[in-house]
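Asker: First the structure, which I've put down as structure tokens, then a few questions once you've had a look.
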Amino acid sequence: MRNKSNRSNLKPLEIGIQAISGIGPKREKELKRLGINNVADLFYYFPRRYEDRSQFTPLDRLINNTNVTIQGTIKKTEIVRPKKSLTIYKAFLVNETGSIIAVWFNQPFLKNVLKAGTNIIASGKVDLKFERQIIVSDYEICRSEPEQLHTGRIIPVYWGSEKITSKLLREIIYKAKDKYLSQMEETLPPEIIDKYQLMSLTEALSEIHFPSDFDLLKKARYRLVFEELLVLQLSIKAYRKKIEKLRGVKHCKDKTLTDKLVENLPFSLTEAQKKVISQIEHDMESEKIMYRLVQGDVGAGKTVVAVWALVKAINGGFQGVLMAPTEILAEQHYLNLQKILKPLEISPVLLTGNTPITEKKEILNSVSQGEIKLVIGTHALIQNEVIFKNLGLIIIDEQHRFGVKQRLALQEKGSNPDVLVMTATPIPRSLALTLYCDMDLSIIDELPPGRKEVKTYHLSEKNRQQVYNLINREIKNGHQVYIVCPLVEESERLDLENVQRLADFLKSRIFPRYNIAVLHGRMTRSEKESIMNRFRNGEINILVTTTVIEVGVDVPNATVMVIENAERFGLAQLHQLRGRIGRGHAQSYCILVSEAKTEVAKARMEVMCRSNDGFIIAEEDLKIRGPGEIFGIKQHGLPDLKIADLILDQPILAETGRLVNQILAEGLDLPKYHKFKMAVEEKIKNNKINY
Ligand code: ADP
Ligand code: MG
């Protein structure tokens, strides 16, 4: 809709971005790719950081190599061309504190813009090596107008794209603010604003983009974080309340099959497993919908708990489904369950994106007829064509790899089936209560007996021979080895080369007599299957692989995990990868090969060497908090937060948590919460959670 007039009956949410001058269809398309669809979205496209250009540095106090903002009047200008491909535009600036030469590269057109006599503000890097210069990154001509946009203030820096730069976003948002910000309606009731001394919405949105000073910026952020967390918690809790009212599947109490399962296991269950199973048993037998998260560190034995629940559902005549995030893991579950369920005469089927069409048709048909009781698979399970006759239980393994939407899509395939999700990601309890306050929590806090702690070492390139010696010794003792290579610049093709090259090198130069194989995401299902089978059967000594084996893979005979370029992984990933070993009785070893240079990388390596405990590692990760991934948070499949930081903003989280309880006790339907309720509903709609 091309409508440049400012129609006051429209809310910013309803105004297309072409209403802002300077935006046509092309830019609109680019903005949409950044997730900006209307004017309100612009206001909620928050800066990723700020630069303080509010203080002008006196010209007699410039320090080499620092970033500064200066102000001055152009005395004269000059263009030089030291070589064909380079033009340098120079402006000689003066003010009451001294003089300096401002320098721009390859922008000869500036001679028409910046002439002698012009007063400018420029930000950039000081270079005093040969002459007194500043290499300008941003400048602005001083007008008598009230506000400077790009310099001379605290300026916002945005995530842009190639075509929509941070600077352009700054201009667009500024225009939008001028024209439409006053039309944004306050969502929070006045009492809440008063009680928590919050900034109004319009002021907060203005200050978050164009802060008057750092104090007001802080207050603006507080207000926006407060609201975001309040809405998040409220939507999760409201969803939980809704679920509690529904009638779910009531599974029968008969124990014939579950008892038989336990009798036939090659091990006895740990106390922790028994405890969690009895919690699940209780949930499943009740009429309420089970909504339970089972958390247990890598190797704690979550699978058997899931199998128990599936068998219980099947015992009462229902169908069950188990969804895993990778094909390798789904396949492993399939083989494993096939084996342990054989005595119970339950035959699972496997359904993934690579299941051949004819086979798939047969499976879908039998599942819809109810002939097949147990389906194991990947994301492929949530396709529309998968229809169950009477789905009674859903299990999602490694649930942090899935989004809320995927979980809900699977749920819709039954009528209020019970839901069990499993994760190895340990998160601090306070956070779990927020992220998962729509679920009950079970923790498997004990490892199966006989496990030895994995010994972890951090070695650098020059110790490589030691790594080879260890590999050699372990293989001679009948064990197996994983070598994991990191992602290279997100390019799958390079990964393959990387993996293949390393495998070839090891084969030809180091271990000519061992069986070495590669495994990566680009292989076909049958290739992957055959490699994993051979590895499981002990035919392969060394598996050189990408992170496709990161989650769930269980080959207890493997005792060595070498992680190449370990500094490229976050702690969550390192811990998950290490979780592939130490699954049997033998001593296992994890070798982090890395030239960790940054403090963060060093700290990560140190934590890994010191601890095997997922909880401790998660806590440390929060402390280190380097760039990149925070322990698993990114992967929780939560609605994405625009401004709040679930770790840093925990005090606000606690505050809003209490407020949510109060609001729900009073009733969200009260007139004073009307606007706020609409905001919550909007959120729920976006996350496809039905209210
Ligand atoms: P995770 O919790 O990481 O999913 P798994 O379910 O894959 O762990 O179990 C890890 C390994 O421990 C498997 O080989 C499994 O057979 C074994 N295991 C599970 N429970 C027990 C137990 N109670 N005693 C001995 N071994 C067990
Ligand atoms: Mg598992």
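The values are calculated or read from the model by the stated rules, or taken from the named source; none is laboratory data. Quick caveat: nothing in here was measured; it's all calculated off a predicted structure. When we count neighbours, we look across all protein chains shown, and the Cβ atoms used for this are built from the backbone with ideal geometry, even at glycine. In case anyone asks, the SASA skips ligands and DNA or RNA and just uses the protein heavy atoms, side chains included. Shrake-Rupley method; radii C 1.70, N 1.55, O 1.52, S 1.80 Å.
Asker: Would you confirm, using the coordinates I've provided, whether LYS90 is assigned to a strand (DSSP E or B), open to solvent by 90 Å² or more (accessible area, probe 1.4 Å), modelled with pLDDT of 90 or more and of a type outside the set (Val, Ile, Thr)?
Answerer: no
Asker: Among the residues in the range 201-211, are any over 19 Å from GLN71 (Cβ atoms), open to solvent by less than 70 Å² (accessible area, probe 1.4 Å) and at pLDDT below 90?
Answerer: no
Asker: Now for a separate question. Taking only pairs six or more apart or across chains, which ones have beta-carbon atoms under 8 Å, a first residue in the range 365-385 that is under 22 Å from LEU335 (Cβ atoms), and a second residue that is open to solvent by 70 Å² or more (accessible area, probe 1.4 Å)?
Answerer: As it stands, the answer is VAL367/ILE387; VAL367/LYS389; ILE372/SER347; LEU374/SER347, since those pairs meet every condition given.
Asker: Considering only residues that are of a type outside the set (S, T, N, Q) and either within 16 Å of ligand 2 (Cβ to nearest atom) or open to solvent by 20 Å² or more (accessible area, probe 1.4 Å) (or both), look in the range 415-424 and name the one that is nearest to ILE314 (Cα to Cα).
Answerer: Among residues in the range 415-424 that are of a type outside the set (S, T, N, Q) and either within 16 Å of ligand 2 (Cβ to nearest atom) or open to solvent by 20 Å² or more (accessible area, probe 1.4 Å) (or both), the one nearest to ILE314 (Cα to Cα) is LEU420.
Asker: Here's another thing I want to ask about it. Are there any pairs with C-beta distances below 6 angstrom linking a residue in the range 249-263 that is more than 20 Å from ASP418 (Cβ to Cβ) to a residue that is at pLDDT 95 or above and surrounded by 16 or more Cβ atoms within 10 Å (Cβ to Cβ), with the two at least 6 apart or on different chains, and if so which?
Answerer: Filtered contacts from the range 249-263: LYS260/LEU344.
Asker: Then there's this: Name the single residue that is most open to solvent (accessible area, probe 1.4 Å) among those in the range 576-616 being of a type in the set (Val, Ile, Thr), in the same structural domain as VAL560 (by TED's automatic domain parsing) and assigned to a helix (DSSP H, G or I).
Answerer: VAL600
Asker: In the range 317-333, which residue that is more than 15 Å from ligand 1 (Cβ to nearest atom) and touching a strand residue (DSSP E or B) at 6+ places or on another chain (Cβ under 7 Å) is most open to solvent (accessible area, probe 1.4 Å)?
Answerer: Top of the filtered list is PHE318.
Asker: Out of the range 212-253, which residues are hydroxyl-bearing (Ser, Thr, Tyr) and surrounded by fewer than 17 Cβ atoms within 10 Å (Cβ to Cβ)?
Answerer: Scanning the range 212-253 gives a single hit, SER212.
Asker: Can you list residue pairs whose Cβ atoms sit under 8 Å apart, with the first residue in the range 473-486 being over 14 Å from GLN576 (Cα atoms) and the second being of a type in the set (S, T, N, Q) and surrounded by fewer than 17 Cβ atoms within 10 Å (Cβ to Cβ)? Count only pairs 6 or more apart in sequence or on different chains.
Answerer: Every condition considered, the pairs that remain are GLY478/ASN557; HIS479/ASN557; GLN480/ASN557.
Asker: While we're on this one: Identify the single condition in (1) within 11 Å of ligand 1 (Cβ to nearest atom); (2) open to solvent by less than 30 Å² (accessible area, probe 1.4 Å) that ARG292 does not satisfy, given that it satisfies every other one.
Answerer: Here ARG292 clears every test but (1).
Asker: When you scan the range 253-275, how many residues do you find that are of a type in the set (A, V, I, L, M, F, W, C) and touching a Phe, Trp or Tyr at 6+ places or on another chain (Cβ under 9 Å)?
Answerer: Residues in the range 253-275 being of a type in the set (A, V, I, L, M, F, W, C) and touching a Phe, Trp or Tyr at 6+ places or on another chain (Cβ under 9 Å): 3 in total.
Asker: Among the numbered criteria (1) open to solvent by 10 Å² or more (accessible area, probe 1.4 Å); (2) modelled with pLDDT under 90; (3) in contact with a helix residue (DSSP H, G or I) (Cβ under 6 Å, 6 or more places away or on another chain), which one does VAL518 miss?
Answerer: (2)
Asker: Another question, if that's okay. On the given criteria, is VAL311 within 16 Å of ligand 1 (Cβ to nearest atom) and within 29 Å of the chain's Cα centre (by Cα)?
Answerer: no
Asker: Further question on the same structure: Report those helices (runs of 4 or more DSSP H) wholly inside the range 152-254 carrying at least 3 residues which are basic (Lys, Arg).
Answerer: Answer list for the range 152-254: 166-180, 214-245.
Asker: Just the residues that are surrounded by fewer than 18 Cβ atoms within 10 Å (Cβ to Cβ) and either in a loop (DSSP other than H, G, I, E, B) or in contact with a Pro (Cβ under 8 Å, 6 or more places away or on another chain) (or both), please, taken from the range 452-485.
Answerer: If the condition is that a residue be surrounded by fewer than 18 Cβ atoms within 10 Å (Cβ to Cβ) and either in a loop (DSSP other than H, G, I, E, B) or in contact with a Pro (Cβ under 8 Å, 6 or more places away or on another chain) (or both), then LYS452, GLU453, SER460, ASN477, GLY478 are the ones that fit.
Asker: Output yes when any residue across the range 539-553 is more than 16 Å from ligand 2 (Cβ to nearest atom), more than 30 Å from ILE617 (Cβ to Cβ) and open to solvent by 10 Å² or more (accessible area, probe 1.4 Å), and no when none is.
Answerer: Yes: the range 539-553 contains one or more residues that are more than 16 Å from ligand 2 (Cβ to nearest atom), more than 30 Å from ILE617 (Cβ to Cβ) and open to solvent by 10 Å² or more (accessible area, probe 1.4 Å).
Asker: Does any residue of the range 617-626 turn out to be at pLDDT 85 or above and in a helix (DSSP H, G or I)?
Answerer: Scanning the range 617-626 turns up at least one residue that is at pLDDT 85 or above and in a helix (DSSP H, G or I).
Asker: Scan the range 11-35 residue by residue and report those that are more than 13 Å from LEU169 (Cα to Cα), open to solvent by 60 Å² or more (accessible area, probe 1.4 Å) and modelled with pLDDT under 90.
Answerer: If the condition is that a residue be more than 13 Å from LEU169 (Cα to Cα), open to solvent by 60 Å² or more (accessible area, probe 1.4 Å) and modelled with pLDDT under 90, then LYS11, LEU13, GLU14, ARG33 are the ones that fit.
Asker: Kindly provide the set of residues from the range 254-278 that are open to solvent by less than 60 Å² (accessible area, probe 1.4 Å) and either under 32 Å from the mean Cα position of the chain (by Cα) or within 20 Å of LYS339 (Cα to Cα) (or both), ordered by number.
Answerer: LEU257, THR258, LEU261, VAL262, LEU265, LEU269, ALA272, GLN273, VAL276, ILE277
Asker: Next up: Tell me which of these GLN573 doesn't satisfy, since it passes every other one: (1) surrounded by 24 or more Cβ atoms within 10 Å (Cβ to Cβ); (2) within 16 Å of ligand 2 (Cβ to nearest atom).
Answerer: Of the numbered conditions (1) surrounded by 24 or more Cβ atoms within 10 Å (Cβ to Cβ); (2) within 16 Å of ligand 2 (Cβ to nearest atom), the odd one out for GLN573 is (1).
Asker: If you don't mind, there's one more thing I want to ask. Quick one: in the range 216-269, of everything that is more than 16 Å from ligand 1 (Cβ to nearest atom) and aromatic (Phe, Trp, Tyr), which residue is modelled with the lowest pLDDT?
Answerer: Checking each candidate, the answer is TYR239.
Asker: Would you check if there is a residue in the range 320-343 being at positive phi, of a type outside the set (Ser, Thr, Tyr) and outside the structural domain of PRO556 (by TED's automatic domain parsing)?
Answerer: Scanning the range 320-343, I find no residue that is at positive phi, of a type outside the set (Ser, Thr, Tyr) and outside the structural domain of PRO556 (by TED's automatic domain parsing), so the answer is no.
Asker: Identify all residues within the range 380-406 that are of a type outside the set (A, V, I, L, M, F, W, C) and either assigned to a loop (DSSP other than H, G, I, E, B) or open to solvent by 70 Å² or more (accessible area, probe 1.4 Å) (or both); write none if there are none.
Answerer: Result: GLN383, ASN384, GLU385, LYS389, ASN390, ASP397, GLU398, ARG401, GLY403, LYS405.
Asker: Right, here's the next one. Specify the residue that is least open to solvent (accessible area, probe 1.4 Å); the eligible residues are those in the range 521-534 that are closer than 18 Å to MET561 by Cα and under 31 Å from the mean Cα position of the chain (by Cα).
Answerer: MET532
Asker: Determine, yes or no, whether ASN65 is surrounded by fewer than 16 Cβ atoms within 10 Å (Cβ to Cβ) and at positive phi.
Answerer: Yes.
Asker: Consider only pairs whose beta carbons are under 8 Å apart and that are at least six residues apart or on different chains; among these, list those whose first residue lies in the range 265-282 and is among the aromatic types (Phe, Trp, Tyr) and whose second residue is near ligand 1 (Cβ under 9 Å from one of its atoms).
Answerer: Filtered contacts from the range 265-282: PHE267/PRO448.
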